[in-house]
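What follows draws every value from the coordinates through simple rules; no lab data is involved. Keep in mind the model is a prediction, meaning the values are calculated, not measured. Cβ sites come from the backbone with ideal geometry, for glycine too, and all protein chains shown count toward neighbours.
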């Protein structure tokens, strides 16, 4: 929960606290949250600059670096990595955790480029393949780059312990699941297989994220990015499945509603967002297909919507009692996680 000066001012007006206490509390909360990502101008500049630098070495890498050769690419990558680590340590010494973490993340994102340069230098890079395709195509020979990135990411995360470092690790796990499937399938990778890989790898990543969430419940939010890419992969694979059965489509709706419930319980907006998108797509299917000419359908939806609002009113009225009762049934680790997030 964030606390604003306006809210503290209202507490002063209600004579709950004094003006001096309000100022002291505001300074305390500001100091507590200085290393937590927030939507303010300073943090926007931090992340904008960091993402531009990361993008330059990943998504927006062009063919110009080919002229340096494999050895040149390795040397330049090492130089950039040394600069990134130097900046990370400098920022860390000044207690600027966010820019330190972004610079350390930049180093992790350099790893695929360095491995590509090393393979080119040693003459083992496959002909007809370019580094920039790593972020667009699924190929088994990316595995060396992915495994190296995971190793470097684990070491850097262990040293700096900044949650944003999990982002390239989560992306790499997603890539690894797809490229590993290509290798195991002998290079045959149909769209049907892609959907299933996305579905099950996403489910595994969500499980991993939940485990990280429970383990780090008293620390920073290390599970955030794993949840993001896990839900994206799972929901993408689920939504791309084709079925002519209305029962299957209804089960799809139920899964999306369950995702919304999980998102509310775990306080993870990504579940709610994708669950809502899936639920709306099912309602669109009903409106355009099953009940296309029915005048009762909009009325029914309106009544359902109003009923959900009424349930929300009842929930707000009895939320504390229901929450306490439900949480008392949970394991202590999960209960502590929900209390820390709530």
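General remarks:
- Label-point gap, in nm, between residue 79 and residue 218 - each point 7 angstrom along Cα→Cβ: 4.6 nm
- Stretchable slack from residue 15 to residue 94, in nm (0.36 nm times residue separation minus alpha-carbon distance): 24.6 nm
- Calculated FRET value between residue 285 and residue 44, using beta carbons and R₀ = 51 Å, to 0.05: 0.85
- Between the stretch 88-156 and the stretch 177-242, the alpha-carbon centres lie 20 Å apart.
- Modelled this way, with points 7 Å down the Cα-to-C-beta line, the labels at residue 246 and residue 129 are 4.8 nm from one another.
- For residue 303 and residue 148, the difference between the fully extended length at 0.36 nm per residue and the C-alpha to C-alpha distance is 50.3 nm.
- Rounded if a/c under 1.5, otherwise prolate or oblate - the chain, Cα gyration tensor axes: oblate
- Cα-projected label distance for residue 200 with residue 319, points at 7 Å along beta-carbon direction, nm: 4.0 nm
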